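This report concerns only the one structure given below.
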Amino acid sequence: MNKGLPLVTGIKWLRQSWKIITKAPLTIIGIVASYLLLVFLFGLPSTVPGLGFIGIILSSIVTSFGTVAIAGCGRDISEGLHPMIYACWYEGWKNAQVRKQLILLGLVYGLCMVAIGFIFGLLSADDVARWTTGTGPEQKIDPALVMQNIPWAAFIFGFFAYGAILCITCFSPLLIAWKGQTLGKAFFFSLFVCLRNIGAMVVLAIVLLSITICGSIGLTSVGGNIGSVFIVFWGMLMTCWSYSCLWPMWVSIFGTEDSTVPVHNTLIGR
């Protein structure tokens, strides 16, 4: 494990993840699309009144397995392999102990997200109630009132609470699947390395966000249906690019000695 990476490492992760995409674009699109589809499907209960928390928890469990699948896909592509999507997903599922830990991780993550959402709602309720004017059918949101009643307390809480949860769970699925750590230990080390390398991660996030925004603005100027199609493809590309950073980040921080390939050697070919 490193002693803290320089800020420029964030740019290095972007370059390495782009190489992964260019080596096997269809594979990356396939694994990311399957992940997004599963998150959507398992999150459908959220659309049912009173069952919102169930959808959040189920989609959080998918996230645990999806992290292992996407990072493993990036690993295999980097090693010159041709991973199959089902093999990538199977990696986090095949071992019973790992499977239980990943499910538990998803449950904890989902419950934390539910709790954060609940507290955020409580903190923002009074300010949001002041956003509207009129009553009944004539009630509408007044932009001026919105600006005067920004729920800063809720935003500050959400930023730090979600940031902490993101750091705690960022590498936890991989630490469980690839280093055999228990849930608590994985949480600790994930938080520790994220805080230690927060500078490089912030650089990565800022550059990715800047590229996404600039590209979206440029494509919006195209206008019409063609512009809308371009924006959709651009969004998918940037999503794939961001998720493809998982493997380069793992290698820089943890190395490759324990990142075994137990499934792919038998399920895919070189």
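The values are calculated or read from the model by the stated rules, or taken from the named source; none is laboratory data. Bear in mind that the values here come from a model prediction, so they are computed numbers and not experimental data. As a convention, Cβ positions derive from the backbone with ideal geometry for all residues, glycine included, and neighbour counts pool all protein chains shown. Just so you know, the surface numbers come from the protein's heavy atoms only, side chains and all, with ligands and any DNA or RNA stripped out. Shrake-Rupley method; radii C 1.70, N 1.55, O 1.52, S 1.80 Å.
Here each label is just a point 7 Å from Cα along the line to Cβ, and for LYS23 and ALA129 those points are 5.6 nm apart.
Counting only whole DSSP H helices of the chain, the ones at least 15 Å long by C-alpha along their axis and with mean Kyte-Doolittle hydropathy no lower than -0.5 are 9-23, 25-42, 52-78, 96-129, 152-170, 183-196, 198-220, 224-243. Length available on full extension from ILE141 to LEU195: 0.36 nm per residue minus the Cα-Cα distance, which gives 15.5 nm.
Solvent-accessible area per residue in region 1-90 equals 49 Å², computed with a 1.4 angstrom probe and all protein chains kept.
Which whole-number percentage describes the relative contact order of the chain, with Cα contacts under 8 Å and a sequence gap of 6 or more? Relative contact order for the chain comes out at 31 percent. Working from Cα pairs under 8 Å separated by at least six residues, relative contact order for region 115-240 is 15 percent.
You can think of it this way: the chain between VAL202 and LYS179 has 5.7 nm of extra reach, that is 0.36 nm per residue less the Cα-Cα gap.
With the highest mean first, a sort of the peptides 31-43, 98-110, 170-182 on other beta-carbon atoms found within 10 angstrom per residue produces 170-182, 98-110, 31-43. Roughly how many percent of the accessible protein surface of the chain is carbon and sulfur, given a 1.4 Å probe and a whole-percent answer? Looking at the chain in its full context, I get 72 percent from C and S. Under the convention that each Lys and Arg Cβ holds +1 and each Asp and Glu Cβ holds -1, the size of the dipole of the chain around its Cα centre is about 720 debye. Taking every alpha-carbon pair under 8 Å whose residues sit at least 6 apart, region 1-60 reaches a relative contact order of 21 percent. Take the Cβ-Cβ distance between VAL48 and GLN97 as r, set R0 to 25 Å, and report the resulting FRET efficiency rounded to the nearest 0.05. Step by step, r from the Cβ atoms, then E = 0.15. Annotation: lysines with alpha-carbon distance below 30 angstrom to LYS23 (same-chain offsets under eight excluded): LYS12, LYS94, LYS179. Adding -39500 (n - 2.57) for every DSSP H run of four residues or longer, then dividing by how many residues the chain holds, sets the calculated 222 nm ellipticity at -25000 deg cm²/dmol. Computed packing ranks the peptides 13-22, 62-71 as 62-71, 13-22, most packed first, by mean other Cβ atoms within 10 Å.
To the nearest 10, the accessible area of THR239 is 40 Å² with a 1.4 Å probe.
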